[in-house]
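Accompanying notes for the structure given below.
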Amino acid sequence: MNRYARHIALEQVGEKGQKRIVNSTALIIGLGGIGCAVSSYLACAGVGRLFICDFDTVDETNLGRQTLYSSSDIGQLKTICAASRLIEMNADIKIRQISERLDNEALYTAVTLSDVVIDGCDNFATRFQVNAASVRNNRPLISGAAIRLEGQLAVFGPDYTESPCYRCLYQEADESLETCAGNGVLSPVPGVIGTIMAVEALKCLAGINSERGILNLYDAVSTEWQKININKAKNCPVCSKTAIGFL
Ligand SMILES: [Zn+2]
């Protein structure tokens, strides 16, 4: 445990909190700029088991911000490259790679086996599926995105009876998700968001309270953060009382 001495020295973590972290499993959806930052910190912090999911291969245009990969990784699966780097960082953890698109069943299984779900993927369809699986299994969901010089993140659950879910925030009609490919992104912005998502994940795992259901918006131009309360949508198809009753 000497590796984690600086965590153990923290009043809010201590030996008990670090043991919880070491005995935890985190599911990371998407190994782009956000996923690289989150998985690096969770591996270094000693999260015992990491499920890392991405079906994509490393592209040269990723290298500016996806810090787990290097030029020699171009064309290789992100999961394979990421797993080998993460194990170099901390050989005491276990990593399971999921290198294909998660269908509902595989996703539910992965969520069931995880203590925290971290979503840094690049499309609404997957985000909605990940949210539904997290609500259904009462798992905390940490969701984040970054584009241009902007980023956002929010922590949801694990009690969704009173608190909102990701689907309360975004409707199906918002399908026009912008991409970094089309809009550009400043290299460290996904790293900023991913790093804070790692902080939130470790707080969840160590048992440190966190604000839930708040959208945190980051403006890298003005270096300002804005907090917006997310209201629980009365008729949310995922987390409303009727929807949960049907599950
Ligand atoms: Zn909802």
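The values are calculated or read from the model by the stated rules, or taken from the named source; none is laboratory data. What you are looking at is a predicted structure, and each value in this text was computed from that prediction instead of being measured. Here the Cβ positions follow ideal geometry from the backbone for every residue, glycine too, while neighbour counts run over all protein chains shown.
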Within the range 117-159, take every residue that is modelled with pLDDT of 95 or more and among the hydroxyl-bearing types (Ser, Thr, Tyr) and give me the one that is farthest from the chain's Cα centre (by Cα). 134
Taking the condition of being without any contact (Cβ under 8 Å) to a residue 40 or more places away in the chain and on the phi > 0 side of the Ramachandran plot, how many residues in the range 204-232 meet it? 1
Verdict on residue 231 being modelled with pLDDT of 90 or more and near the ligand (Cβ under 10 Å from one of its atoms): yes
Can you confirm whether the range 197-216 contains a residue that is under 19 Å from the mean Cα position of the chain (by Cα), modelled with pLDDT of 95 or more, away from the ligand (no atom under 16 Å from the Cβ) and among the hydroxyl-bearing types (Ser, Thr, Tyr)? no
Of the residues in the range 134-155, those that are over 18 Å from residue 32 (Cβ atoms) and either away from the ligand (no atom under 14 Å from the Cβ) or free of Cβ contacts under 8 Å to residues at least 60 places away in the same chain (or both) come to 134, 137, 138, 139, 140, 155
So which of 88, 105 ends up being over 27 Å from residue 152 (Cα atoms) and at pLDDT below 95? 105
